[in-house]
Amino acid sequence: KAEVRAIVLSKLALPLGGVVWDVGAGSGSVGVECARLAPALRVIAVERDPDQAERIVANAEAHGVSVDVVEGSAPTALDGLPDPDRAFVGGGGLDVLDAVRARLRPGGVVVATYALLDRAVAAHERLGNMAQVSVARAVRVGGLGARLAPENPVFVCWGPGPS
């Protein structure tokens with residue numbers, strides 16, 4: 001959802017340079033947007049699904065940005081990557097979040113999204129901040145007008161790495 005992505009990007013507070021990880025990247029929308037907003041960043045997308053990894057490459061090319069794609073499952077796929085200044089965790093369990101936090105550079109920020117409340121609460125305990133994002137979209141109702149149809153809420157958690 002574009003609305004959730006906008007909130008994630010604001011919480012990442014992207015620096016002008018450094019390294020950003022997009023872990024559980026899916027289509028790569030967060031990583032591609034990071035590369036568009038701060039072209040000097042090195043953006044690394046980690047994705048286990050080969051079809052999605054190809055989609056990330058295509059999306060980056062379509063937007064004229066550079067995103068390095070690592071195909072593999074986190075947390076093991078993180079081995080050998082440069083430590084991040086910012087990280088987005090869009091997939092995986094709490095073990096992935098913990099692995100990312102352990103590698104975050106001093107002063108770094110991690111943002112994670114969850115659909116399930118129990119994972120979000122556990123992430124909140126680790127990161128210190130959480131918000132629920134609810135989006136409703138207008139849908140046409142016959143010729144009568146429009147109504148708002150809610151989408152599933154998403155929990156956004158963010159904070160610094162371990163001190």
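The values are calculated or read from the model by the stated rules, or taken from the named source; none is laboratory data. Remember, it's a predicted structure, so these values are computed and weren't measured experimentally. Positions of Cβ are generated from backbone atoms using ideal geometry, with glycine treated the same way; all protein chains shown enter the neighbour counts. Surface areas here come from the heavy atoms of the whole protein model, side chains and all, with no ligands, DNA or RNA. Shrake-Rupley method; radii C 1.70, N 1.55, O 1.52, S 1.80 Å.
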**Asked** Does segment 63-76 contain any residue that is more than 21 Å from LYS1 (Cα to Cα), in contact (Cβ under 8 Å) with a residue 12 or more places away in the chain and hydroxyl-bearing (Ser, Thr, Tyr)?
**Response** yes
**Prompt:** Of all the residues that make up segment 129-163, how many are more than 25 Å from LEU117 (Cα to Cα) and out of contact with any strand residue (DSSP E or B) (no Cβ under 7 Å at 6 or more places or on another chain)?
**Reply:** 5
**Message:** Six or more apart or on different chains, Cβ atoms under 7 Å: show the pairs whose first residue is in segment 79-92 and open to solvent by less than 30 Å² (accessible area, probe 1.4 Å) and whose second is assigned to a loop (DSSP other than H, G, I, E, B) and among the hydrophobic types (A, V, I, L, M, F, W, C).
**Reply:** PRO84/LEU104; ALA87/LEU104
**Message:** Condition check: touching a residue at least 12 places away in the same chain (Cβ under 8 Å), closer than 20 Å to GLY26 by Cβ and either under 17 Å from the mean Cα position of the chain (by Cα) or surrounded by 13 or more Cβ atoms within 10 Å (Cβ to Cβ) (or both). Does ALA131 satisfy that?
**Reply:** no
**Request:** Could you list all residues from segment 13-41 that are under 9 Å from the mean Cα position of the chain (by Cα) and in a helix (DSSP H, G or I)?
**Result:** SER29, VAL30, GLY31
**Asked** Of all the residues that make up segment 104-127, how many are open to solvent by less than 50 Å² (accessible area, probe 1.4 Å) and either without any contact (Cβ under 8 Å) to a residue 24 or more places away in the chain or of a type outside the set (Val, Ile, Thr) (or both)?
**Response** 8
**Prompt:** LYS11 is checked against (1) under 25 Å from GLY128 (Cα atoms); (2) open to solvent by 30 Å² or more (accessible area, probe 1.4 Å); (3) touching a Lys or Arg at 6+ places or on another chain (Cβ under 6 Å) and fails just one. What number does that condition carry?
**Reply:** (3)
**Item:** The listed residue being of a type in the set (Gly, Ala, Ser), over 15 Å from the mean Cα position of the chain (by Cα) and surrounded by 18 or more Cβ atoms within 10 Å (Cβ to Cβ), out of ALA45, ALA60
**Value:** ALA60
